[in-house]
1. Which residues, counting only those in the range 162-174, are closer than 17 Å to Ala69 by Cα and at pLDDT below 90?
Amino acid sequence: MPTARESLLEAAGAALAARPWPAVRMVEVAAAAGVSRQTLYNEFAGKAGLGHALVRREAAWYLDGVDRALAPPAATAEPPAAVAVAVAEWTVRAAHARPLVRALLTGCWNGNLPVPAGRGVRPGVPALGPAELVRAVRERAEAALGPGEAAQRCELALRLAVSYLIAPAAQPVPGELLRLLSGPSRTAGGR
């Protein structure tokens, strides 16, 4: 059985999918979660806290998908370039499916979404954004693939995927991306 917090986050996510964040009402979120409005305020201290928690949950959901793309057997059975492509494809799919993930990856926020944590809200709490997600993906790639060129290719694939989100092509070309990532690097080829 989900906790009140989980139920509230699910209800807030469903409400956000149906309408812009400014139109989401706390009384409706609490009712949809089956809890009192006071429980919502006890858990999140208000709409801003609920929004911050929703943004953090979306970031965790995205990173869980990255972990699946990097997880064995994929990381051990597939060439590093194929793993990097899997991360890039997951990034594009996740961003198309979830507006908060897209905003986190691109840094393009609008008034229809909750304000991300750390953006002038609480001093000392870093903002969760593109740089932090790229760093988190790089760290996960190094843990799964080892430090070095494989992790660098994974970071490159992620950066290419983010650029695709910002300036989409007519259609994604994972085969071409795989060819680019699996070929020798300029530095290695020039030695």
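1. Within the range 162-174, just Pro174 meets the criteria.
Residues are listed down the side, and each one gets a yes or a no for (1) in the same structural domain as Gly111 (by TED's automatic domain parsing); (2) more than 24 Å from Val137 (Cα to Cα); (3) part of a helix (DSSP H, G or I):
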| position | (1), (2), (3) |
| --- | --- |
| Met1 | no, yes, no |
| Ala14 | no, yes, yes |
| Val35 | no, yes, no |
| Thr39 | no, yes, yes |
| Gly65 | yes, no, yes |
| Ala86 | yes, no, yes |
| Trp90 | yes, no, yes |
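The values are calculated or read from the model by the stated rules, or taken from the named source; none is laboratory data. These numbers come from a predicted model, not from an experiment.
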